[in-house]
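Engineer: Below are the structure tokens for one structure; questions will follow.
The values are calculated or read from the model by the stated rules, or taken from the named source; none is laboratory data. Remember, predicted model here, so these are calculated numbers, not experimental data. Here the Cβ positions follow ideal geometry from the backbone for every residue, glycine too, while neighbour counts run over all protein chains shown. To get the accessible areas, we keep the full protein, side chains included, count just its heavy atoms, and leave off ligands, DNA and RNA. Shrake-Rupley method; radii C 1.70, N 1.55, O 1.52, S 1.80 Å.
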Amino acid sequence: MIEVKNLTKKFGDLLVLDDISETIHEGEKVVIVGPSGGGKSTFLRCLNVLEDPTSGQVIFEGVDLCDRKVDINLHRQRMGMVFQHFNLFNNLTILKNITLAPVKIGVKNYRKQRTKNFFIKFANLFRKDKLQIVPIATYPAAIKEEARRRAVKLLDRIGLLDKADVYPSTLSGGQKQRVAIVRALAMNPKVMLFDEPTSALDPEMVGEVLELIREVANEGMTMVIVTHEMGFAREIGTRIFFMANGKIAEQAPPEEFFTNPKTDRLKEFLNKVL
Amino acid sequence: MEKSLGEKFYDAFIKFDRWELYLKGLKTTLIVALIAIIIGIVIGVVVAMVNYVNKKTGKLKVLNFITKIYVTVIRGTPVVLQMFIMFTVIFITQLGDLKIGSLVWEGGADYLIGGLTFGLNSGAYVAEIIRAGFESVDDGQMEAGRSLGLSMGQTVRAVITPQAIRNVLPPLFNEFIILVKETSVLGYVGVMDLGRVPSIITSITFETMPPLIIVACMYLVLVLILTGILKLLEKYLSKSDRNFKSVNVRGKSFISYLKEKFPVLDKKKRIAQTAGAESSLTDGKTLSGGSDSDIVSADSSYIETKGAVGERTDGTDTPKEENAESGGEEAK
């Protein structure tokens, strides 16, 4: 599903990702662990090109996202992302946080189609072989209503329906992160990318967020998770990457990863964190 | 024979309907300032957006270069000179009086050229203020927008700009206040604005003090009104604050906030009160008086009734609407 080829990222002279090639298949839950500064977050952010790779390719559903000609926004809609610091839109209510992207994108597509149809009609005035007008399936009001209904459903699922009209500043960290997760889910993504989703939370709130991630994982979502929660990594991952010095130093299924580490670097790391 | 202070003020303001002159000046000042503020906001926001996008992505290099020149030139020259250049070089040529605005209405040229002059001037300062505002918004907001598949422009419009505007309201209104007072230099090019009234009155009554005091008070009132608008806007925009509790405006537009604060403004309620029918309050459609805000609220009530949860309102508050509203408020 996601194919990474010779991915390299430099910040100035600093080599953060060093020629990484890897494939993530549909339905996999890849967990990335490793020491700070090892390139975990950068790798994850390169997957949806929030960070522009210096060289290499990220091929998602057969399209190279690093290609400048590709409409990256179209493909990002299929990749949800959850951040360490939640990044909810502070100026919008919780409900609007969730509906913003579906509505904006839906309405934009509608306008595009309408403009296109207008030009087709105009062109048809001068053509003998008439062009076919593409009928418009949904209208802005319907798009808004649909997005709203979906958002209400998602909020109901995480038990925060009563918070729909409040602003993010009134929510606790755990609530914010859960909203951030359903905000990403509202776009119907194929892949979810989690960038240390519990690192900025109180220990007490970590559980509720992990529970939601677990639920989403059990529905068969493809996931790439950067985390420091080793127990969670072991439980949920189908494959675990150990990233250090800009490379995937070791990878294995969780049992083997934790019980039988091969490289010295990973042994040392596991000794420290476990 | 020395006149008393009261007589002097009477001479300067009331005698022979001289207050009409003040009002005429006030009208000019208001119209010029309003045009200038609108042009200033538009230019400022556009320039700031160009700078921001250029900084984030490296695109729009040519535009960014042009805006830099614009800001440098405008900030580097006195507004009086800019005004003289606009009035005597650009809009009045050797070919004769090429006063474009006069074609529209009498005296319109002065308003338009004046508004354009001060708008262009203000735009440079507003741009710098808003640019600072953009930079004060957390980068994560942009990343979140982009990660959802929104384009750069969509994110800037829906997320970054509203937050930036909120951060920069005080310096922005400071700039508007300066702008309103700055228009008093229009007298130099012979435009009858408020700042020129005292000299005219003085030349009639030979008393300098009263007209100066009167005009000073009028400027003061203008600035106080602006400050009042700033306070209202600040309060409205602080709705996303944790401890905002003055009026319940969650997810509502600025207009509905004003309506709650000043019930007089609420057309629906007024009609309902005069009709004495309480039940008709809920039905927006039958009561819509034809104004835009009524249509909006009728629309949202429609969504409310259709939505899964009856309580939630879908206030259609986009930043565009807010801008329009604040503009309308200033017009009042």
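Engineer: Total Å² of accessible surface buried at the A-B contact, 1.4 Å probe, nearest 100?
Structural biologist: Chains A and B together bury approximately 3200 Å².
Engineer: Ok, one more. Tell me which GluC sites (Glu not before Pro) from the range B:99-208 have a DSSP coil assignment and no more than 12 other beta carbons within 10 Å of their own.
Structural biologist: B:E106
Engineer: For the range B:24-193, what % of the accessible area comes from carbon and sulfur atoms, probe 1.4 Å?
Structural biologist: 67 percent
Engineer: Over the range A:158-256, what relative contact order in percent results from Cα pairs under 8 Å that are six or more residues apart?
Structural biologist: 22 percent
Engineer: Moving on. Which whole-angstrom value gives the distance between the alpha carbon centres of the range B:43-80 and the range A:120-157?
Structural biologist: 37 Å
Engineer: Within chain A, which is the longest segment containing none of the trypsin sites (Lys or Arg not before Pro) that sit in a DSSP loop and have at most 11 other Cβ atoms within 10 Å?
Structural biologist: For trypsin sites (Lys or Arg not before Pro) (loop position, at most 11 other Cβ atoms within 10 Å), the longest site-free span of chain A is A:131-274.
Engineer: Now, a different point. Tell me which GluC sites (Glu not before Pro) from the range A:216-274 have a DSSP coil assignment and no more than 16 other beta carbons within 10 Å of their own.
Structural biologist: A:E219
Engineer: Using 7 Å Cα-to-Cβ label points, what is the B:I271/A:F126 separation (nm, one decimal)?
Structural biologist: In this crude label model, B:I271 to A:F126 measures out at 4.8 nm.
Engineer: Treating the Cα atoms of the range A:34-151 as identical point scatterers in vacuum, please give the log10 of the normalised Debye intensity I(q)/I(0) at q = 0.17, 0.22 Å⁻¹, two decimals.
Structural biologist: -1.04, -1.21
Engineer: Here's something else I'd like to know. How big is the range A:123-182 by Rg and Dmax over its Cα atoms, in Å?
Structural biologist: When restricted to the Cα atoms of the range A:123-182, Rg and Dmax are 20.6, 63 Å.
Engineer: Still on this structure, please answer the following. With 30 Å as the limit, write out which pairs from A:K10/A:K190; A:K96/B:K61; B:K27/B:K68; B:K68/B:K181 have Cα-Cα distances beyond it, or answer none.
Structural biologist: A:K96/B:K61; B:K27/B:K68
Engineer: Further question on the same structure: Find the relative contact order for chain A and round it to a whole percent, using C-alpha pairs within less than 8 Å whose residues are 6+ positions apart.
Structural biologist: Relative contact order, chain A: 29 percent.
Engineer: Taking chain A as a Gaussian network, Cα atoms linked when under 10 Å apart, which of A:Q251, A:Q177, A:Q113 shows the biggest mean-square fluctuation?
Structural biologist: Checking each option, the largest mean-square fluctuation is seen for A:Q113.
Engineer: Mind telling me which of A:P254, A:P168, A:P203 comes out most flexible in a GNM of chain A, alpha-carbon contacts under 10 Å?
Structural biologist: Among A:P254, A:P168, A:P203, the largest mean-square fluctuation in the Gaussian network model of chain A belongs to A:P203.
Engineer: Using only the alpha carbons of the range B:24-193, determine the length spanned along each of the three principal axes and report them from longest to shortest in whole angstroms.
Structural biologist: Largest to smallest, the principal-axis extents are 56, 31, 30 Å.
Engineer: In Å and whole numbers, how far do the C-alpha atoms of the range A:170-274 stretch along each principal axis, longest first?
Structural biologist: 45, 29, 24
Engineer: For chain A, with all protein chains present and a 1.4 Å probe, just round the carbon and sulfur fraction of the accessible area to a whole percent.
Structural biologist: 50 percent
Engineer: Okay, next question. In percent, how large is the relative contact order of the range B:24-193, given Cα pairs closer than 8 Å and 6 or more residues apart?
Structural biologist: Relative contact order of the range B:24-193: 37 percent.
Engineer: Kindly provide the pair-distance distribution of chain A built from C-alpha pairs, with 10 Å bins from 0 and whole-percent values in order of increasing distance.
Structural biologist: Once binned at 10 Å, the Cα pair distances of chain A give 6, 25, 30, 22, 10, 4, 1, 0.
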